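The values are calculated or read from the model by the stated rules, or taken from the named source; none is laboratory data. As the structure is a prediction and not an experimental result, all values here were calculated from the model. So basically every Cβ, Gly included, is an ideal-geometry build from the backbone, and we count neighbours across all protein chains shown. All accessible areas refer to the heavy atoms of the entire protein, side chains included, with ligands and DNA or RNA removed. Shrake-Rupley method; radii C 1.70, N 1.55, O 1.52, S 1.80 Å.
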Amino acid sequence: MPILKWKNIHRTILLVFLGAALLNAQTYSKNGMVVSSDKSSSQVGANILKKGGNAIDAAVATAFSLAVTHPSAGNIGGGGFIVFMNSEGKTTTIDFREKAPLAATNDMYLDSTGTLIDGINHKSALSIGVPGTVAGLYLAHQKYGKLDWATVVQPAVDQAQNGFVFNWSLYRAAQYFTKNEGTNAFMDEYFRNEEGEVTEPGELWTQPELATTLALIRDNGRDGFYKGKTAKKIADFMKKNEGIITKKDLAKYEAIEREPIKGTYKGYEIYSMPPPSSGGVALVEMMNLMELADFKTIEFNSAEHLHLVAEAMRRAFADRAEHLGDPDFNLNMPLAKLTSKTFAKERFKGIDMGKASVSDSTQFGRLYDGESTTHLSTMDKEGNAVSLTYTLEYSYGSQMGSDELGFIFNNEMGDFNPQPGITKSNGQIGTAPNLVAPEKRMLSSMTPTIIGKDGKPFLVIGSPGGRTIINTVFQTVLNVLEFEMPVDKAIEALKIHHQWLPDQIVYEKLLLSPDTRKALEAKGHILKERFNMGALMGITYDPEKQVFIGASDSGQPDSGAVGY
Ligand code: DON
């Protein structure tokens, strides 16, 4: 059977439906597009575009809004990354990853015998990294935004102050956190209304303390968070809860502009996040391997396709574990080598299409999985594009926050390698590049990415999902560039995940045929099912029709693309 030419089918559909109000997984628009995990936040971003804001303004406004509407991952208490391409095709990135506090040490999660204390790096106030989000959004806006700062922050203040419609995902979270009353007072209170009742779906949910915190940011920029009243309250909270973040940590935090990781794939340009994210390096490494494969003979979702993809993942994740960490602490990471076509050629020779390789359990991989991050993509009519992923690490982060400030702190310190020198076959890593050190940024898998065509943004994409992020972004990019799928199909299509260790392929349960599963097992792969992977938010631009096409992952029912 020939490979389906999704693009041709898609073009026909597009011509038929353009201009009509569609009940379609894709949204079309002429002047710009915002896609995020919450449709009302996407609307906030689209309104900013309508006011004359650019893609950066829209992304910043949407990110602040998600801190109100999507607090499991949208945040001001966490950190993340922006990849930005301007209308002239110039690209840059903003790193606002959290940092280890000044008092952090590489044995802070071990007991006196050197044993890792169970869960401490993810569950206590010691799991909280110095937040980067406000500094990152501020830097991006100062350098590349068009509207004034107060205009882009105000919609989030309004949503927190006046409320927005409580949705089903929030209600489910509220049920979870209130069922064990007393175990976590902050989260137990978090979703209650003024009468002390858990907010019901369809009711307006207001967050007055968060509105006050956001208003200080609106009025004072980054200093409204890292200095003054908010900084003092954060430091007081840490002291009371045995955390180690101080006012000095907050005052010293800086977001950093960095060069993107660049690659190519059959005439397309790839721009993604450099370290402290591992996403860009791994994505380019895997796309280089894919470029060497003969896709004329490898059909989508065949055992050959999935085997090849899994073997590429295995190799990229091994390199990730061995080499990558904060670039300010690891000055000699072999980034040029890992992303080179020559290296890919050598690597490709080692892939046996008949047989799974073996991940050596004395080497690398990762154990700790996060559960909540969120991605947003924006494009404007001038041709600027923003790919922004930010996170609290777990869903609702550390599940800790100050009543007076109304936002939740991350538990990102859990992304450091917790036990120096101890690497286990179950995936716990102990390599040096990502050990805890004061002021170091923990290694991330977030992979905000922009694919360019002829120097203009063509696809803007990213996802949550811990280590699976790299692989869901990789497969979505491959689906669009190689299998010519429209963005919604590329997002919804089967995703698999291999991270070297544990040595297994995780697959989306209802999307992999049993026959293919057996064929993969016959090649020596171990398979493990999972219901869903990632929550991709993407935009493509069709230069011929001059139309933006936005699509959000159906796995996130409150997400949405809003065009203008
Ligand atoms: O930066 C990272 O790689 C992780 N903290 C991301 C966590 C995550 O994506 C959880 N999401 N579903």
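Could you order the peptides 207-217, 69-79 from most to least packed, using the average number of other C-beta atoms within 10 Å per residue?
Details: 207-217: 20.8, 69-79: 27.8.
Packing proxy ranking, top to bottom: 69-79, 207-217.
Taking a 31 Å limit on the Cα-Cα distance, which of the listed pairs Lys51/Lys495; Lys424/Lys453; Lys424/Lys518; Lys39/Lys90; Lys50/Lys453 fall beyond it?
Details: Lys51/Lys495 38 Å; Lys424/Lys453 42 Å; Lys424/Lys518 28 Å; Lys39/Lys90 29 Å; Lys50/Lys453 26 Å.
Beyond 31 Å: Lys51/Lys495; Lys424/Lys453.
For the chain, what is the mean residue ellipticity at 222 nm derived from helices alone (per DSSP H run of n ≥ 4: -39500 (n - 2.57); sum divided by total residues; nearest 500 deg cm²/dmol)?
-10500 deg cm²/dmol
Any chance you could run the full-extension gain for Glu195 through Asp236? It's 0.36 nm times the residue separation minus the Cα-Cα distance, nm to one decimal.
12.0 nm
Taking the stretch 203-276, how many lysine pairs are there with alpha carbons less than 29 Å apart, if each pair must be eight or more places apart or span two chains?
Pairs that pass both the separation and distance tests number 22.
Which whole-number value in Å² is the accessible area per residue of the stretch 89-245, probe 1.4 Å?
Values: 7250 Å² over 157 residues.
Value returned for the stretch 89-245: 46 Å² of accessible area per residue.
Any idea of the accessible area per residue across the stretch 388-497, 1.4 Å probe, to the nearest Å²?
Here the per-residue accessible area is 20 Å².
Computed FRET efficiency, Cβ-Cβ of Gln546 and Lys50, R0 22 Å: what is it to the nearest 0.05?
0.75
Whole-Hz ³J(HN,Hα) for each residue in the stretch 501-516, computed from phi via Karplus 6.51 cos²θ - 1.76 cosθ + 1.60 with θ = phi - 60°, x for glycine and proline: what do you get?
For the stretch 501-516, the Karplus curve yields 10, x, 7, 7, 9, 8, 9, 6, 3, 8, 10, 10, 6, x, 5, 5 Hz.
Which whole-Hz ³J(HN,Hα) couplings does the stretch 279-293 yield from phi under the Karplus relation 6.51 cos²θ - 1.76 cosθ + 1.60, θ = phi - 60°, glycine and proline marked x?
x, x, 4, 5, 4, 5, 4, 6, 5, 4, 5, 5, 5, 8, 7
Run the dipole for the stretch 144-257 about the Cα centre, Lys and Arg Cβ at +1, Asp and Glu Cβ at -1, nothing else charged, and hand back the magnitude in debye, nearest 20.
In debye, rounded to 20, the stretch 144-257 gives about 640.
Looking at the stretch 391-546, send over the antiparallel percent of its DSSP beta bridges, to the nearest 5. Walk me through the intermediate numbers first.
Details: 10 of 15 bridges.
In the stretch 391-546, DSSP labels about 65 percent of beta bridges as antiparallel.
Please enumerate, by chain and number, the aspartates and glutamates with C-alpha under 16 Å from the C-alpha of Lys456, excluding those fewer than 8 residues away in the same chain.
Within reach: Glu88, Glu269, Asp380, Glu382, Asp542, Glu544.
Nearest 20 debye, what's the magnitude of the dipole of the chain about its Cα centre given +1 on Lys and Arg Cβ and -1 on Asp and Glu Cβ?
Computed about the Cα centre, the dipole is about 1240 debye.
Where in the stretch 196-284 are there trypsin sites (Lys or Arg not before Pro) that are in a DSSP coil and have at most 10 other Cβ atoms within 10 angstrom of their Cβ?
Lys266
Defining a contact as two alpha carbons under 8 Å apart and six or more residues distant in sequence, what relative contact order in percent does the stretch 147-223 show?
46
Going by a ≥ b ≥ c, the root eigenvalues of the Cα gyration tensor, does the chain fall in the rounded group (a/c under 1.5), the prolate group (a/b larger than b/c) or the oblate group?
In terms of gyration-tensor shape, oblate.
Give, in nm to one decimal, the length gained when the segment between Phe329 and Glu259 is fully stretched (0.36 nm per residue of separation minus the Cα-Cα distance).
Working it through step by step, the gained length comes to 23.5 nm.
Full extension from Lys248 to Ser425: what is 0.36 nm times the residue separation minus their Cα-Cα distance, to one decimal in nm?
59.8 nm
Expressed as a rounded percentage, what relative contact order does the chain have, with Cα pairs under 8 Å and six or more residues apart? Please list the in-between numbers first.
Working: 1383 pairs, mean separation 139.7, N = 564.
This gives 25 percent for the chain.
Which of the lysines could a cross-linker span from Lys489 if the Cα-Cα distance has to be under 18 Å and same-chain partners fewer than 8 positions apart are dropped?
Correct list for Lys489: Lys5, Lys7, Lys509.
Please report, as a whole percent, how much of the solvent-accessible surface of the chain comes from carbon and sulfur atoms (probe radius 1.4 Å).
52
Applying a 10 Å radius around every beta-carbon, put 113-125, 296-308, 490-502 in order of their mean neighbour count, most first.
490-502, 296-308, 113-125
Ordered by packing density, taken as the mean number of other Cβ atoms within 10 Å over each peptide's residues, highest first, how do 522-529, 148-155, 43-50 rank? Mind showing how you got there, number by number?
On the way: 522-529: 15.2, 148-155: 19.6, 43-50: 24.2.
The packing order, highest mean first, is 43-50, 148-155, 522-529.
Quick one: net charge of Asp326's neighbours, Cβ under 10 Å, K/R +1, D/E -1?
On the way: positive: Arg97, Lys99, Lys440, Arg441; negative: Asp95, Asp328, Glu439.
Net charge around Asp326: +1.
Quick one: grab the alpha carbon gyration tensor of the stretch 84-199, order the square roots of its eigenvalues as a ≥ b ≥ c, and give me rounded if a/c is under 1.5, else prolate or oblate depending on whether a/b is larger than b/c.
oblate
Roughly what % antiparallel, to the nearest 5, for the DSSP beta bridges in the chain?
90
Under 1.5 on a/c is rounded, so check that first for the stretch 402-524, then, if it is not, pick prolate when a/b is larger than b/c and oblate when it is not; a ≥ b ≥ c are the square roots of the alpha carbon gyration tensor eigenvalues.
On the way: a/c = 1.99, a/b = 1.28, b/c = 1.56.
Judged from the Cα gyration tensor, the stretch 402-524 comes out oblate (a/c at least 1.5, b/c at or above a/b).
For the stretch 442-489, list log₁₀ I(q)/I(0) at each q in 0.28, 0.32 Å⁻¹, using the Debye formula over Cα point scatterers of equal strength and ignoring solvent, two decimals each.
So the normalised log intensities work out to -1.07, -1.21.
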